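J.: Just dropping this structure here.
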Amino acid sequence: MTVHHALRIPEHAKLRADAMSTVKKDLGALVRPDEVFTRACEIVQQADLEIAAHVEERNQAALSLFYYDGVRGLAKVMGILPNAYREMRAVALHGTREAGLLTENDERMSPEDRRAAAEKAGVLFVEDAHSTLPELSATVSVANARRKAAMPFLQDAALALTEEPYSWSTQQIAELGGVTPKYVRDVKNRAAKRRRG
């Protein structure tokens, strides 16, 4: 028998839209490119920390619910596409995203076989996964949205700082944002590419 938890599905679209709107408003209110770059770097770095802190725990909770409790439809709870969710499961069981295409579909396994495969692969059973997954998923969604919204501002500000009247070096810009010169070159080049269309 499959156990189904009453999992709350976060309103990912609204959470993302609100987060992006807040970041755009915050960064759009700044005038000087050095201020925009500094603040955008802070937003991206904070988002990266939040993602790093929560994405693995989110994934473990989802894998536990799927393999040990047989809960379906978790991509919606996580706010990710079904293919990304399938790839995540393939990596957990086989160590590669492509493995899912070569092996038996884990959705067609019996509950016993699914549990045995998870145990063999070292997938952890998470006791309170049904209560933690929605909150972790919402946190990761918001952090990804904040990062996505800040990146164009960060890129454009880096490019502007290298041009007249600023003419800053990549080293100066890197020090300003607490990043590497390579990072500055990469984001500046993305902005230049976007500008060229």
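The values are calculated or read from the model by the stated rules, or taken from the named source; none is laboratory data. All values reported here derive from a predicted model rather than from experimental measurement. Note: ideal-geometry Cβ built from the backbone for every residue, glycine included; neighbour counts use all protein chains shown. Surface accessibility is based on the protein's heavy atoms, side chains included, excluding ligands, DNA and RNA. Shrake-Rupley method; radii C 1.70, N 1.55, O 1.52, S 1.80 Å.
J.: Relative to the first principal axis of the alpha-carbon coordinates of the chain, what is the inclination of helix 82-94, with its axis defined by its Cα atoms, in degrees from 0 to 90 and to the nearest 10?
T.: Helix 82-94 sits roughly 70 degrees off the main axis of the chain.
J.: Taking the 0 to 90 degree range and rounding to the nearest ten, how far is the long axis of helix 111-121 tilted relative to the main principal axis of the chain, both from C-alpha atoms?
T.: Tilt relative to the chain: about 50 degrees.
J.: Oh, and also: Which whole-number percent gives the relative contact order of the chain, counting Cα pairs below 8 Å spaced six or more residues apart?
T.: Worked out over the chain, it gives 35 percent.
J.: Still on this structure: Could you give the length gained on full extension between residue 127 and residue 57, defined as 0.36 nm per residue of separation minus the Cα-Cα distance, in nm?
T.: 24.0 nm
J.: Find how much the distance from residue 185 to residue 21 grows on full extension, using 0.36 nm per residue of separation minus their present alpha carbon separation; answer in nm with one decimal.
T.: Fully extending the segment from residue 185 to residue 21 adds 56.4 nm.
J.: Please label the shape of the stretch 81-152 as rounded, prolate or oblate, based on the square roots a ≥ b ≥ c of the eigenvalues of the alpha-carbon gyration tensor (a/c under 1.5 means rounded; beyond that, a/b larger than b/c means prolate, else oblate).
T.: Here the stretch 81-152 falls in the oblate category.
J.: Which FRET efficiency value, to the nearest 0.05, do you get for residue 8 and residue 29 by plugging their Cβ-Cβ distance into 1/(1 + (r/R0)^6) with R0 = 35 Å?
T.: 0.55
J.: With θ set to phi - 60°, apply the Karplus curve 6.51 cos²θ - 1.76 cosθ + 1.60 along the stretch 130-142 and write out the HN-Hα couplings as whole Hz, x wherever there is a Gly or Pro.
T.: Per-residue couplings from phi come out as 5, 8, 8, 4, x, 5, 4, 5, 5, 4, 5, 4, 5 Hz.
J.: Further, regarding this structure: How much accessible surface area, in Å² rounded to 10, belongs to the heavy atoms of residue 110 with a 1.4 Å probe?
T.: 40
J.: Taking a 1.4 Å probe, which of 113, 48 shows the most accessible area, and what order do the others take after it?
T.: Largest accessible area first, the residues go 113, 48.
J.: Pairs of lysine in the chain with Cα under 27 Å and at least 8 positions apart or on different chains: total?
T.: So the count works out to 18.
J.: Same structure again: Mind giving me the FRET efficiency for residue 45 and residue 112? R0 is 35 Å, r the Cβ-Cβ distance, nearest 0.05 is fine.
T.: Result of the calculation: an efficiency of 0.20.
J.: If ligands, DNA and RNA are left out, what is the accessible area of residue 193 with a 1.4 Å probe, given in Å² to the nearest 10?
T.: Answer for residue 193: close to 140 Å² accessible.
J.: Using only the Cα atoms of the stretch 31-189, what do you get for the radius of gyration and for Dmax, in Å?
T.: 20.6, 67
J.: Also, quick follow-up: Pop a pseudo-label 7 angstrom from the Cα along the beta-carbon direction at both residue 164 and residue 148 and give the gap in nm to one decimal.
T.: 3.8
J.: If I model a spin label as a point 7 Å beyond the Cα along the Cα-Cβ vector, how far apart are those points for residue 75 and residue 119 in nm?
T.: 2.9
J.: Can you work out the FRET efficiency for the pair residue 97 and residue 196, with r the C-beta to C-beta distance and R0 = 35 Å, to the nearest 0.05?
T.: Efficiency, rounded to the nearest 0.05: 0.60.
J.: Let me ask something additional. Can you give me the solvent accessible area of residue 80 with a 1.4 Å probe, rounded to the nearest 10 Å²?
T.: Counting only protein heavy atoms, residue 80 exposes about 40 Å² to solvent.
J.: Here is a follow-up. Rank these residues by their accessible area, most exposed first, probe 1.4 Å: 94, 12.
T.: So the residues, ranked largest to smallest area, are 94, 12.
J.: Within the accessible area of the chain, what % is carbon and sulfur when the probe is 1.4 Å and the other protein chains stay in place?
T.: The value for the chain is 54 percent carbon and sulfur by accessible area.
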